[in-house]
Each structure stands twice: as C-alpha cells, then as structure tokens.
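Worksheet for the structure shown next.
FYI, it's all coordinate maths here, none of it is from the lab. Keep in mind the model is a prediction, meaning the values are calculated, not measured. Quick reminder, even Gly has a Cβ in these numbers, built from the backbone with ideal geometry, and neighbours come from all protein chains shown.
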Amino acid sequence: MKPADQLAQFVREALVAGRSRDEIAVALTEAGWARTEVEDALATWADMGFTPPVPRPRPYVSAKEAFFYALMFVALGMTAWHIVDLGFDLIEHWMSDTDVVYFRNSNNSMRWSISALIVFFPLFMLMQRTEARGLARDPSRKRSAVRKWFGYITLFFSALTLLGDLLSAIYALLSGDLTLEFILKLLLVGGVAGMVFGYFQGAMRDAEDGR
C-alpha cells in the first residue's frame with residue numbers, strides 16, 4: 001500500500017473512532033508527516049459529519065483520455081507554430097527588400113504552413129468542442145489527471161515562450177536592433193503564446209475548482 005493510501009486509511013479509521021480532524025492533524029504532525037500530506041489525507045474524506053466518512057472524488061487516469069489530450073496537444077502546438085511561422089513569412093515578405101529566390105523559398109514555407117493549418121486548426125477546434133461538450137455532460141472529467149498534466153505542460157511552454165519573447169525584446173532594445181519588423185514578430189509570438197496561456201490558465205483553474 002502506498003504511503004498516501006496508508007495515511008488516508010488511518011484518517012478514515014480515526015474519523016470512524018470519533019476523533020476530530022484537529023486531533024488527527026496534530027497526531028500525524030507529531031508523527032513526522034508533512035503538513036501538506038496531512039491536509040491531503042484529511043481532504044480525502046468529506047467534512048460532513050457522516051459516519052462512515054464519505055470519500056471525495058479523486059483524479060483518475062484513462063488511456064483513452066491520454067490519447068485524446070496528446071492528440072489535442074499536438075494539434076494545438078502545430079497550429080500555434082505554423083501561425084507564427086506564416087506570420088513571420090508575411091512580415092518578412094512585406095517589409096524586407098530581398099530577391100526573387102528568397103520569395104520563392106518564402107512561398108514554399110507559406111504553403112507548408114497553410115497546409116498544416118488546414119489540417120491541424122480544424123482538428124484542434126473539433127477536439128476542443130468535443131471536450132467542452134464532454135465536460136458539460138460529465139463534470140467529473142475535470143478531475144482527469146491526464147487533462148491536468150497536458151494543461152499544465154501547455155502553460156509551462158506558453159510561459160517560457162512569453163519570457164523568451166520579453167528577453168528578446170529587452171536584448172534587442174539594449175543592442176539598438178529593435179526594428180519595426182522585429183517588433184511585429186515579437187508581438188505575433190507574444191500574442192499567440194498569450195492567448196494559449198490565457199485559455200489554459202482558465203481551463204486549469206476550472207479543473208482545480210472541479211476536483
């Protein structure tokens with residue numbers, strides 16, 4: 001049995017024996033358990049004065065959801081990447097004085113980005129809509145551990161992108177290389193990363209509220 005399961009079982013038996021939550025917390029703390037471990041163990045059982053203690057819903061892992069959210073994560077990543085890539089090509093096309101060879105290569109890059117967006121953007125929107133309907137139909141899916149993991153991984157990469165964007169802007173400003181073209185690229189990257197971060201921040205806040 002895992003330590004967390006042992007702790008939860010002890011809390012259950014103590015509650016059945018009529019011990020208060022404060023008494024249980026003091027006993028576990030004196031035994032060397034960390035405060036967070038004690039709080040998590042107590043939170044396993046609903047504080048509603050019912051005997052035996054009623055367990056709270058817990059996060060779960062599903063292979064089907066792992067596949068779903070992995071594919072959704074890839075679709076979002078490809079969409080964001082190629083929006084930025086296409087935007088860079090358009091900005092350079094409009095603002096740079098380059099030769100025909102560059103524009104031919106740029107057009108190839110734009111065609112590839114457009115093709116990727118035609119495939120992955122509708123896929124992401126379809127999966128996002130499917131997820132929203134599933135959550136509305138079954139709110140317990142908000143407790144999916146897989147959903148939370150992919151959500152926080154996305155938040156992590158979005159935050160890194162925003163920090164990198166800010167770092168690039170400061171470096172360019174100090175170096176005197178902050179051109180209009182560079183500013184537009186920074187705004188594009190920051191805008192895409194910011195939208196992704198804002199969306200998943202709200203989704204994860206909702207997931208934590210629904211645990």
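A few comments on the model shown:
- Taking Phe120, Phe182, Phe67 and counting other C-beta atoms within 10 Å, the order from fewest to most: Phe67, Phe182, Phe120
- Three principal axis lengths of the range 3-43 [C-alpha, angstrom, descending]: 23, 19, 16
- Residue-averaged [θ]222 nm for the chain, counting only DSSP H segments that reach four residues, each worth -39500 (n - 2.57): -27500 deg cm²/dmol
- Using only side-chain charges placed at the Cβ, +1 for Lys and Arg and -1 for Asp and Glu, the dipole size of the chain relative to its Cα centre rounds to 940 debye.
- Sorted ascending by nearby beta carbons within 10 Å, beginning with the fewest, Thr79, Thr29 become Thr29, Thr79.
- The phi torsions of the range 48-58, fed into the Karplus equation with coefficients 6.51, -1.76 and 1.60 and a -60° offset, translate into couplings of 9, x, 9, 10, x, x, 8, x, 7, x, 10 Hz, rounded to whole numbers, with Gly and Pro shown as x.
- From least to most packed, judged by other beta carbons within 10 angstrom and beginning with the fewest, Tyr152, Tyr171 follow the order Tyr171, Tyr152.
- For Tyr152 and Arg21, the FRET efficiency from 1/(1 + (r/R0)^6), where r spans their Cβ atoms and R0 equals 22 Å, is about 0.15.
- Distant-in-sequence amide contacts of Ser62, defined by a placed amide H-H separation under 5 Å and a gap of 5 or more residues or a different chain, comprise Val146.
- Nearest-ten-degree value, helix 3-16 long axis tilted from longest Cα axis of the chain: 40
- Mean separation of Cα contacts under 8 Å, 6 or more apart, over the residue count of the chain: relative contact order %: 23
- Gained length - Arg35 relative to Ala132, 0.36 nm times residue gap less alpha-carbon distance: 31.4 nm
- Each residue, Leu186 and Ser62, gets one label point 7 Å from its Cα in the Cβ direction; the gap between the two is 4.4 nm.
- The amide H of Trp45, built 1.01 Å from its N in the peptide plane, has Arg56 as neighbours under 5 Å, considering only residues 5 or more places off or on other chains.
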